[in-house]
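First the structure, in the form of structure tokens, and then the observations on it.
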Amino acid sequence: MSFVDAVLAVVADIPSGCVMTYGDVAALLGSRAARAVGQVMARYGSDVAWWRVVRAGGRPPPGYADRAREHYEAEGTPLRPSSDDDGYRIDLASCRWRP
DNA sequence: AAGTTGACGAAAT
DNA sequence: AATTTCGCCAACT
């Protein structure tokens, strides 16, 4: 069981309509490698629901905000308008998934 | 083989 | 409250 497999397993475990922060995923693995989680998504994220893993504060991954938004709307993930560059932010208070 | 980089986060200044 | 530093792990140079 490599770190990569563990990350993918956790992400695959996130139910539709819920999200988790990079830090949460790392913490679930018993590590603080939030950064490494991002790398795993960048390299292997194509096979999982990468949009369900967001940055702390509920901000979508930079550069992928538009694609992620489509998925959120399709899954019914509560979003809330924001003045950031991304234009929106995820409502973690109501859709943050906890194992 | 060794050093740098990166979809990051939290703690320390 | 805002910056800076550090920790963590895999891929890339």
>> Can you compute the modelled spin-label distance between A:TRP97 and A:ALA12, with each label point 7 Å from Cα toward Cβ, in nm?
In response: 1.2
>> Placing +1 on the Cβ of each Lys and Arg and -1 on the Cβ of each Asp and Glu in chain A, which of A:ALA34, A:GLY63, A:SER46 has its Cα farthest towards the positive end of the resulting dipole?
In response: A:ALA34
>> Counting only helical runs of four or more DSSP H residues, what would the 222 nm mean residue ellipticity of chain A come to if each run contributes -39,500 (n - 2.57) and the total is spread over all its residues?
In response: -12500 deg cm²/dmol
> Looking at chain A from every direction and averaging, what is the projected area of its Cα convex hull in nm²?
Replying inline: 5.8
>> List residues of the stretch A:12-50, by number, whose backbone nitrogen lies under 17 Å from a label position 7 Å along Cα→C-beta of A:PHE3.
In response: A:22-45
> When the dipole is taken about the Cα centre of chain A, and only Lys, Arg (+1) and Asp, Glu (-1) are charged at their Cβ, what size is it in debye, to the nearest 20?
Replying inline: 320
> Given 0.36 nm per residue, what is the gain on full extension from A:ALA74 to A:SER46 after removing their alpha carbon distance, in nm?
Replying inline: 8.3 nm
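Quick note: the coordinates plus some simple rules give every number you see, no bench work behind them. Here the structure is a predicted model, which is why all the values come from computation and not from measurement. For neighbour counting, all protein chains shown are included, and Cβ atoms are generated from backbone atoms with ideal geometry for every residue, glycine included.
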